[in-house]
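Inspection log for the structure reproduced underneath, given as structure tokens.
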Amino acid sequence: MRAVVMGAGSWGTAAAKVLVDAGTETTIWARRSELADRINAEHTNADYLPGITLPDALSATSSVADALPGADVVVCAVPSQSLRANLTEWMPHVGSATTFVSLAKGVETSTLLRMSEVIAEVSGVPSGQVAVLSGPNLAREIAEGQPAATVIACTDEDRARELQLAFNTGYFRPYTNTDVIGCEIGGAVKNVIALACGMASGVGFGQNTLATIITRGLAETIRLGVAVGAQIETLAGLAGIGDLVATCSSPLSRNRTFGARLGEGATMEQAQEATNGQVAEGVKSCTSVRALADKFDVEMPLTDAVHRVCHGGVSVGDAVSSLLGRSTKPEIYD
Ligand SMILES: NC(=O)C1=CN([C@@H]2O[C@H](COP(=O)(O)OP(=O)(O)OC[C@H]3O[C@@H](n4cnc5c(N)ncnc54)[C@H](O)[C@@H]3O)[C@@H](O)[C@H]2O)C=CC1
Ligand SMILES: O=C(CO)COP(=O)(O)O
């Protein structure tokens, strides 16, 4: 099997390292030729993963025409809002039997499609050729070889099992799942909830508040997930609660960091600077997740609050007051 990882940001680079460590022949595509040259010559990606040595066997290129032909697996490692445009450029070089793996965690704002749906639409391949990899996988920890697990979801179970072997190493353990919807909803919504946790910690709130946001965040993730066809068990698993806890708790998370800066009083522009040019997906996905919730008539108060702070000019303090001022509710409702 030959894999090509399209995107040499932090997760694309860490995922490429996993593939090589798992014994899979792998090429990584970087937008900038200087970065590809540095990966080939120095085996580092200092912009995104400083101090990490990449395997000698990982080859890099900035040429789409060199990277893609003959690839059995194309791993999509670009931000969710640019995936459609990137993939459209890549498709002339991709074979019709290729398996796609989405690493991106988001919902397209212009269409409300999940990433696997965007891939199937742009590529024209059947949905069984599109898999999703999602779980508690902060890129730096994975690149350091710290033990972690993930989910590879595909409606074609045999394909999921092939990918499981392609990504399986002594430190990275993929589980298969056929619930693509659940994995993608879990991955997209946890970024929004991590922004809320960051805001709370930036304001100075402690662990009770964070645990409340994580737990009520899971409740609204489950409400949305079930409405769009996810299985609750998936949201109770690695790609749901697992990723939610990792992202909401870790200072490595770009979403949590972005939210923390807003909670400290920074502007959106200042908060963006704190993520060193890397993507905080929840900032855009709070709009599409909220619209998806509206479409399916699902209540998502935390997502609403994050959206109002990021796009409605509402202060974090006012968002907290209006969340706590909502009418009283039972813990479990549809
Ligand atoms: N970094 C992490 O710990 C994890 C990230 N993810 C997800 O993986 C996806 C990719 O994330 P990262 O590699 O972390 O992002 P990043 O911000 O570190 O890198 C993005 C990469 O995409 C490339 N790119 C291509 N077209 C682009 C465009 N139009 N705009 C911006 N960048 C473009 C950039 O050059 C860069 O190589 C995101 O959806 C993210 O949520 C998932 C799990 C872990
Ligand atoms: O998805 C992630 C961990 O699983 C990374 O989260 P951030 O994009 O917030 O850094």
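Residue-by-condition table, conditions (1) closer than 22 Å to Cys154 by Cβ; (2) assigned to a helix (DSSP H, G or I):
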residue: Gly198; (1), (2): no, yes
residue: Gly202; (1), (2): no, yes
residue: Phe205; (1), (2): no, no
residue: Ala211; (1), (2): no, yes
residue: Ile214; (1), (2): no, yes
residue: Leu218; (1), (2): no, yes
residue: Thr221; (1), (2): yes, yes
residue: Leu224; (1), (2): yes, yes
residue: Glu233; (1), (2): yes, yes
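Out of curiosity, is Ala30 among the aliphatic types (A, V, I, L, M), touching a strand residue (DSSP E or B) at 6+ places or on another chain (Cβ under 8 Å), surrounded by 15 or more Cβ atoms within 10 Å (Cβ to Cβ) and farther than 23 Å from Glu121 by Cβ?
Yes.
Determine the pairs where a residue that is not assigned by TED's automatic domain parsing to the domain that holds Ile185 and basic (Lys, Arg), located within the stretch 112-138, has a partner that is assigned to a helix (DSSP H, G or I) and within 12 Å of ligand 1 (Cβ to nearest atom) with Cβ atoms under 8 Å apart, the partner being 6 or more residues away or on another chain.
From the stretch 112-138, the pairs are Arg114/Glu184; Arg114/Ala188.
For the stretch 294-306, enumerate the residues that are free of Cβ contacts under 8 Å to residues at least 40 places away in the same chain and under 15 Å from Gly259 (Cα atoms).
Within the stretch 294-306, just Asp304 meets the criteria.
Could you check the stretch 62-166 for helices (runs of 4 or more DSSP H) lying wholly inside it with 2 or more residues that are surrounded by fewer than 17 Cβ atoms within 10 Å (Cβ to Cβ)? Step through it out loud before you land on a result.
Numbers: elements: 64-67, 83-90, 115-123, 139-143.
Once the helices (runs of 4 or more DSSP H) in the stretch 62-166 are filtered for at least 2 residues that are surrounded by fewer than 17 Cβ atoms within 10 Å (Cβ to Cβ), what remains is 64-67, 83-90.
Restricting the search to the stretch 1-39, which residues are in contact (Cβ under 8 Å) with a residue 60 or more places away in the chain and within 20 Å of Gly95 (Cα to Cα)?
Met1, Arg2, Ala3, Val4, Val5, Met6, Gly7, Thr24
For the stretch 82-109, which residues satisfy the criterion of being over 24 Å from Ala160 (Cβ atoms) and more than 14 Å from ligand 1 (Cβ to nearest atom)?
Hits for the stretch 82-109 are Pro92, His93.
Which count do you get for residues in the stretch 118-140 that are touching a Ser or Thr at 6+ places or on another chain (Cβ under 8 Å) and either at pLDDT below 95 or of a type in the set (Asp, Glu) (or both)?
0
Out of all the residues in the stretch 239-257, which are more than 12 Å from ligand 1 (Cβ to nearest atom) and closer than 20 Å to Ala305 by Cα?
Passing the criteria: Leu244, Val245, Cys248, Ser249.
The values are calculated or read from the model by the stated rules, or taken from the named source; none is laboratory data. All values derive from a computational prediction rather than experimental measurement. Backbone-built Cβ (ideal geometry, glycine too); neighbour counts: all protein chains shown.
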